[in-house]
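No lab work stands behind these numbers, since they all come straight from the coordinates. What you see is a predicted model; the values in this text were computed from it and never measured. Heads up, the Cβs are rebuilt from the backbone with ideal geometry, glycines too, and the neighbour counts pull from every protein chain shown.
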Amino acid sequence: MSTPRRVTITDLRRMKEQGDRITMITAYDATFAKLADKGGADVILVGDSLGMVIQGQQDTLGVTVDDIIYHTKAVLRGAPRAHIVADMPFMSYQTDAVQGLQNAGRLLKEGGAQSVKIEGGEEHAELVYKLVRSGIPVMGHLGLTPQSVHAMGGFKVQGKQQPQAEQILRDARALEAAGAYAIVLEGVPVELSRVITEALDIPTIGIGAGVQCDGQVLVIYDLLGLFDDFVPKFVKQYAQLGPAAVKAIAEYKEEVQAGTFPTEAQTFHTKEVLFRPRAVETRPEPSELDDDDMGGLYGVVPV
Ligand code: KIV
């Protein structure tokens with residue numbers, strides 16, 4: 001079978017022009033990336049949400065560039081078709097443009113991503129311009145930007161009031177002017193995402209931003225019902241794999257304890273006589289054996 005052609009940023013722009021909605025999903029390893037690709041995702045985001053769903057942290061702030069590179073490499077191996085975006089983690093681009101360029105470059109060179117995503121608007125427009133001019137496509141991220149969780153006073157919907165909504169619209173325009181190829185709108189009212197989506201030529205991709213965006217993104221663990229520490233209102237669980245996994249593991253434990261797993265179907269045999277028959281039964285009493293000493297257990301008793 002031939003390898004499918006990978007989705008490009010030009011394809012995504014064309015999808016907006018043609019009114020085809022973009023499906024984006026996060027993934028952090030090869031197995032889930034393969035599932036996402038097979039399911040038809042156009043874009044796979046190696047999100048810094050991995051800090052929460054993979055590393056078990058409270059927020060995304062502790063994620064490092066090395067973490068994202070590690071997971072991006074794995075995702076790339078699993079997904080031959082989807083466009084792979086790697087998140088720029090907290091404090092990997094906020095200091096200055098040189099730091100941003102170097103880290104974004106690593107995500108493409110070492111991780112194999114095709115583009116990077118950064119959180120923030122006007123304040124990062126210059127960096128976006130420099131990245132794009134250096135050949136690094138950039139996806140923006142506005143609204144509820146999880147790296148600013150402390151500045152926002154928690155994970156809260158943004159842009160519900162006029163001045164903040166106007167700022168987010170200005171940010172979106174600034175990112176587009178700087179050369180961003182798409183923008184994630186997270187946790188904003190649908191009334192705002194509609195205005196932004198109509199104002200821009202580049203696609204908007206919503207998460208908790210209503211149906212008016214040009215595409216949608218969900219965290220794969222949320223979508224599959226694998227993460228239940230908290231389930232935000234904007235999440236739809238398309239499957240309940242978490243409870244199914246717990247049930248399967250409990251069943252496995254029961255069979256291990258009952259000695260009904262493995263069965264013949266999962267057992268290997270050999271036709272060789274592995275051990276010479278002994279003249280007399282030499283099997284020691286169990287009390288003579290160490291816990292890890294299997295000596296004697298394979299002794300063949302002569303007929
Ligand atoms: O890190 C992430 O998964 C994200 C998405 C929620 C857009 O940024």
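Remarks
- Longest site-free stretch - the chain; sites: chymotrypsin sites (Phe, Trp or Tyr not before Pro), DSSP loop, at most 11 other Cβ within 10 Å: 1-229
- Beta bridges per DSSP with both ends in the chain, % antiparallel, nearest 5: 5
- Taking each DSSP H run with n ≥ 4 as -39500 (n - 2.57) and averaging over every residue of the chain yields -11000 deg cm²/dmol at 222 nm.
- Across the chain, the longest run free of exposed loop sites, meaning GluC sites (Glu not before Pro) lying outside DSSP classes H, G, I, E and B with no more than 12 other Cβ atoms within 10 Å, spans 1-271.
- Counted by Cβ distance under 11 Å from GLY78, the other residues give a net charge of +3, where Lys and Arg count +1 and Asp and Glu count -1.
- Size check on segment 9-238: the Cα extents along the three principal axes, sorted descending, read 42, 39, 39 Å.
- Listed cross-link partners LYS38/LYS117; LYS160/LYS233; LYS73/LYS117; LYS16/LYS109 are compared with a 19 Å cut-off, the Cα-Cα value being larger for LYS38/LYS117; LYS16/LYS109.
- Charge sum, other residues only, whose C-beta stays under 14 Å from ARG106's C-beta, Lys/Arg counted +1 and Asp/Glu -1: -2
- Charge context of VAL157, other residues only, Cβ under 10 angstrom, K/R +1, D/E -1: +2
- Among SER134, SER49, SER2, the ranking by other beta carbons within 10 Å of each residue's beta carbon, starting with the fewest, stands as SER2, SER134, SER49.
- The stretch between PHE275 and LYS109 holds 54.3 nm of extra length on full extension. This uses 0.36 nm per residue minus the Cα-Cα distance.
- Sites listed here are trypsin sites (Lys or Arg not before Pro) in segment 116-207 whose DSSP assignment is loop and whose Cβ has at most 14 other Cβ atoms within 10 Å: LYS156, LYS160.
- Set of aspartates and glutamates near LYS156 by C-alpha distance (under 12 Å), chain-local residues within fewer than 8 positions excluded: GLU186
- Across ILE220, ILE249, ILE68, mean-square fluctuation computed from a Gaussian network of the chain (C-alpha pairs under 10 Å connected) peaks at ILE249.
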